[in-house]
1. With respect to residue A:45, is the statement that it is within 14 Å of chain B (Cβ to nearest Cβ) and among the charged types (D, E, K, R) true?
2. Just one of the numbered conditions (1) outside any helix (DSSP H, G or I); (2) of a type in the set (Phe, Trp, Tyr); (3) under 30 Å from residue B:81 (Cα atoms) is not true of residue B:213; which one?
3. Which residue, of B:244, B:186, is under 30 Å from residue A:116 (Cα atoms), in contact (Cβ under 8 Å) with a residue 60 or more places away in the chain and touching a helix residue (DSSP H, G or I) at 6+ places or on another chain (Cβ under 6 Å)?
4. Only helices (runs of 4 or more DSSP H) wholly contained in region B:56-166 count here; list those with 3 or more residues that are in contact (Cβ under 8 Å) with a residue 24 or more places away in the chain and in contact with a helix residue (DSSP H, G or I) (Cβ under 9 Å, 6 or more places away or on another chain).
5. Considering only residues that are over 11 Å from residue A:140 (Cα atoms) and in contact with an Asp or Glu (Cβ under 9 Å, 6 or more places away or on another chain), which ones fall in region A:16-42?
6. For residue B:59, indicate whether it is within 25 Å of residue B:225 (Cα to Cα), surrounded by fewer than 16 Cβ atoms within 10 Å (Cβ to Cβ) and either modelled with pLDDT under 90 or in contact with an Asp or Glu (Cβ under 7 Å, 6 or more places away or on another chain) (or both).
7. Could you check residue A:45 against (1) touching a residue at least 24 places away in the same chain (Cβ under 8 Å); (2) under 21 Å from the mean Cα position of the chain (by Cα) and say which number it fails?
8. Which members of region A:60-98 meet the condition of being among the polar types (S, T, N, Q) and either surrounded by 13 or more Cβ atoms within 10 Å (Cβ to Cβ) or at positive phi (or both)?
Amino acid sequence: MLEINVKNKAYDKHLIINNFDLDIKESEFISIIGPSGCGKSTLLKIIASLDKDYTGNVLYKNQKSIKNLAFIFQDSRLLPWLSVKENILLVSQNKDEKIIEHLLIQVGLQDYINAYIKELSGGMKKKVALIRAFINKPDVLLLDEAFVSLDYPSAKQLRVLFYDFFKEYSPIVIFVTHDLNEALCMSNRILFLSSKPSNIIYEYENIPSFDEKIFALKKEKILDNYPNILSGELY
Amino acid sequence: MRKVKNTKEKVFPILVFLLLWQILAYYLNLSTFPTPLAVFESLYYHSTQEELFFHLSMTLYRVSIAFFLSMFLGVFIGILMGKFEIIDNYFDSVLIFFLNLPALVTIILCYIWFGLSDLSAILAVIINKVPLVIVNIKEGCRSLDKRYFDLCLVYDIPAKRSFFKIFLPQIYPYILISARTGLSLIWKIVLLVELLGRSNGVGFQLSMFFQFFDITSILAYSFAFIFIVLLIENYVLQPLEKKINKWR
């Protein structure tokens, strides 16, 4: 169980988040939607301990820190001076390169294992960031608008890949997005935030999760219609 | 093909310069302004004598030690000052003092305080070079992309790994600039140090030739050392730069 309680978070005396209270069950996929600048990304930073200047606390299994955390940033944040393999190894707790090779095959990047980041397209970079996020089988995974700035087919393909990884490792996912369709399709619960100071104004629960029947049917139907599009249609 | 063109582009201005020099020296016909041909003849003569290689190797030895120690100390102190504001605040004025201390003063003081030895000579060069490296590295530390350090916190990356994989690669360009400018500066200071207080090395030989007004030999020795520095630049520093910047 992940318990997030942010009483106050301010920047230069401007209150950004006020009385934000949220409990998340294991393997739950939560999407957060809200207007620009409402503090969604700040909330992720607080959860990731990148921002400690707030009152309140974040507890995972009653511990103050999340030991096995992953974060997919909007900008991928891959180190350009390292190769694809080195970028993944950088965060990996396991030095077994075979696992990396296996994951790269899974996302179709096996030929790019020693490539530098500049040699990759936007979609490929996101795939590497995806592998980097899942390499340690995280307990909690944070995504900050991870599928934006991609063309439509690449974004779709990435969502499917993400879905496969999510099914395999089942972490708690907190996904910040502006895309309601994306949120509806991917999460178990959606939180709608108000503008500053941000607070939960609406909660939409019990959305069928990825591995539930409805999603499977959706995916199946699309694959029937477009058998060549392995990337699948999520909406 | 491009490499051949590059070589041509590099060699052409040198040939024009030598040609102009030859014409000018030939027409002026002064004993204090030898022709490049005379200089190369002298260089050939000295290269057949063992002493040229002995003095070159002595200078190279001093340059190498001073270079590596200056780089190591400069990078180390530069990182400390760049990373920790409190250290920067305390030692910034000291740094400015050493930056503005004339090389000649350092050399004289080192010789007076520590005697006419190699230790004093190398120490004087280090005192001159280290502040310049520190300034470069400090600048490098200020230009670090801090977003990458979020990864260390999120993924709990060990300090050693984050230093070598995230921190250091970002200041490599600054280390490289310090190394390249450092090499050219250090060998010039080493010559001065040798001229003032050593009994061997290129600087010492130059002072000997100066006493006899042997300008041809002065230029021959200088060219010999410039040639070595060019070799280091072309076969060590430039390949290193290429390797470091491969990802760009």
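The values are calculated or read from the model by the stated rules, or taken from the named source; none is laboratory data. Treat the numbers as computed from the prediction; the structure is a model and nothing was measured. FYI the Cβ positions are ideal-geometry reconstructions off the backbone, even for glycines, and counts take in every protein chain you see.
1. Working: within 14 Å of chain B (Cβ to nearest Cβ): yes; among the charged types (D, E, K, R): yes.
The answer is yes for residue A:45.
2. (3)
3. B:244
4. Those helices (runs of 4 or more DSSP H) span B:85-99, B:103-114, B:118-142.
5. Once the filter is applied, which keeps residues that are over 11 Å from residue A:140 (Cα atoms) and in contact with an Asp or Glu (Cβ under 9 Å, 6 or more places away or on another chain), region A:16-42 yields A:21, A:22, A:23, A:31, A:33, A:40, A:41, A:42.
6. Answer is no for this residue.
7. The failed condition is (1).
8. Initial filter on region A:60-98 (among the polar types (S, T, N, Q)): A:62-63, A:65, A:68, A:74, A:76, A:83, A:87, A:92-94.
Residues satisfying the conditions are A:62, A:68, A:74, A:76, A:83, A:87, A:92.
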